[in-house]
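Bear in mind that the values in this text are calculations on the coordinates, not laboratory data. Every value quoted in this text rests on a predicted model; they were computed, and no experiment measured them. Cβ placement follows ideal geometry from the backbone for every residue including glycine, while neighbour counts extend to all protein chains displayed.
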Amino acid sequence: MSYVVLARKLRPQRFSDLIGQEVIAQILQNAIRSNRVAHAFLFSGSRGVGKTSAARILTKALNCLEPDNVDPCNACENCLEISSNASADVYEIDAASNRGIENIRELRENVKYAPARCRYKVYIIDEAHMLTLESFNALLKTLEEPPNHVKFILATTDPHKVPVTILSRCQRYDFQRIPLPQMLEFLNQAAVQENLQLSQKSLELIARHATGGMRDALTSLDQVLSFAGEQASESEVRQILGIADASMRFQLLECLFRKQLGSAMQAFQEIYQHGFDLQELLQELLQSVKTLSLYLALSGDLSFAEVAEDEQEQYCQLASLTTQGELQQMFHLLMQLEEQMKRSVHARICFEMTLLQLASVQPLVGVKDMLQQIRTLRQEVDGRVDSPGPVLAKTRDQSNQFQPTKSPTNPSFYASAANVASPPHVVEEPPVSSELPIESFEERASVAKTAIQRLKAKGSGTGLEQKKTPNFGIEPQQSLKPTEFRERKSSESWLEVGSEQRDEPEEPPLNWQEFVQFVHNRASVIGTLLRTALPVDLQADVWRLRFRHPPDLFNKEHQAKLEQLAQEFAGRSVDIQRDDQPTIEGTTLQEYDQWKNQELKRQRESQAREDAQVKDILQIFAGSEVYDIELH
Ligand SMILES: [Zn+2]
């Protein structure tokens, strides 16, 4: 007699045999008992959880000649025929290979005729989601109003691919994965029945490996038996299923938590050389990381995690080496690895590279901790400096002062501003933090600290509080020594003014604006330079060009060109002279535009702050800033 695989031999024959699906079995039994059996069912669930078995039992129960209560007798003619797949009235259709419209048309034709011997004609359509859309549509009408002697049972592992129109015409039952303890109990019974001498641990390995599918578990059991006989050892079971030894896995995890890359690689090599499946190893690592995460989140309660008793202690030890944040990052990296392994033929390389990353995972600093650290830092700095100085400004514009390379006080800033071909405008920059070329929090903190101390050491000579004085308050006649000038230059130009409210500066005369625009259209470089010059009395015969920050770029050639353009503009000969005497009177176009932009920005900001949602955010997240406002 030929060998019948366990999955077939131990196939459920009665409703009570449906392990893990007690609720569904109960509902179906009740329906039969009260004679309210629907005409179409959809059984969904992952593979091997009992969908087809349930469909067969239901079919037999509906057609059994001598039912035992509502269970099929499994002995009468009809039951035997259905069990052996020989009944003329029961059609098991595999939709994966009979998905075309012609198959469904045939079915529709066939439905009309009364059953030959059974009470009901039953159509079991397996993997129903594989049907084409056309086939589904052809099936709709029949499914809605089939003849009284017809029942449909659709089974699918992927109910999302079944059209809603079909779903709504069926009674749907979702089959659950079989829980580990129930599966283990069944495997134990099967082992006794088949006279197998497998250890409890081996059976548990098989059950765990099957992840809730009984057919997979029985197939694995068959595999173990045919390879290693009836007394397979635990290590043989591992070998056959490709499962890494738990101790090896724990060792690998421990090395990763301790950031010992060398040892981690060695542990991985060992696992690999044992021939264990990398995909399996990945699943187990994911499982372990999840379990540890649960362990930490639930303060040591492992009842949710289906952990074998002898592994609990190891989990406890591992949990003491890691944190929730680290585990979350590791989980993320392992999930990425899963994606990579699906696409790559270099599974091992991907794995090793991920181990490298896993061994260098650093716990992230939460926003809360970060804020706390900043507060501590501030207090520390305040404590060290004797005289009370300005505190770290909250607005982003002022915080730009601490930016080492892009600070507007840096002389090169003006040179580069004068260099650009088009008129410079104030661009709302991204948050300062993203511009800093400094990586770690500690480094940033130390830069900020130095900056604060430097400012405080300077006292009232320069710094933030100076900027509150507008430059227009200074008398034009007031003479300045070069040193004084430089100091004012760095502290009082419009370019460095923060977002605080300022009086409106004097607008450059309209004819000056027109002239600069005229020049800009004809010679953009000169136009750009003129934007940094103070307005000139265009009625005068000699135009004295005075720059706030005399640019090196403005040469004789420019001067000649400008004279030519001025003559064109004014309609008379104009003498242009460059006056490099320091001056602070008046407003350049660049400064005026900058003021306008800041004004606009401030208006937008106060508008944004009025917004209810923004208000909420500012209240909840203390220390939040409003910037980069975009209007939609
Ligand atoms: Zn029967």
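Brief remarks on what is shown
- Size of electric dipole in segment 133-211: Cβ of Lys, Arg +1 and of Asp, Glu -1, about Cα centre, debye, nearest 20: 100
- Neighbour-count order for S344, S299, S624, fewest beta carbons within 10 angstrom listed first: S299, S624, S344
- Cβ crowding within 10 Å ranks I27, I178 as I27, I178, fewest other Cβ atoms first.
- Structural descriptor for segment 206-285: relative contact order 26 percent, calculated from alpha carbon pairs under 8 angstrom and at least 6 residues apart.
- For segment 53-108: relative contact order, % (alpha-carbon pairs under 8 angstrom, 6 or more apart): 23
- Three-way shape label, segment 510-586, alpha-carbon gyration tensor, a/c 1.5: rounded
- Across K112/K161; K51/K161; K9/K201, pairs whose alpha-carbon gap is larger than 20 Å: K112/K161; K9/K201
- Segment 6-176: relative contact order as a whole-number percent, Cα under 8 Å and 6+ apart: 31
- Candidates per GluC sites (Glu not before Pro) in segment 177-244, loop by DSSP, up to 16 other Cβ within 10 Å: E194
- Shown here for segment 294-374: chymotrypsin sites (Phe, Trp or Tyr not before Pro) in loop regions (DSSP other than H, G, I, E, B) with at most 16 other Cβ atoms within 10 Å, namely F304.
- Between the alpha-carbon centres of segment 184-248 and segment 111-133 there is a gap of 37 Å.
- Here r is the Cβ-Cβ distance between S199 and A347 and R0 is 25 Å; the resulting FRET efficiency, rounded to 0.05, is 0.20.
- Protection proxy ranking of 37-46, 123-132 - average other beta-carbon atoms within 10 Å, highest first: 123-132, 37-46
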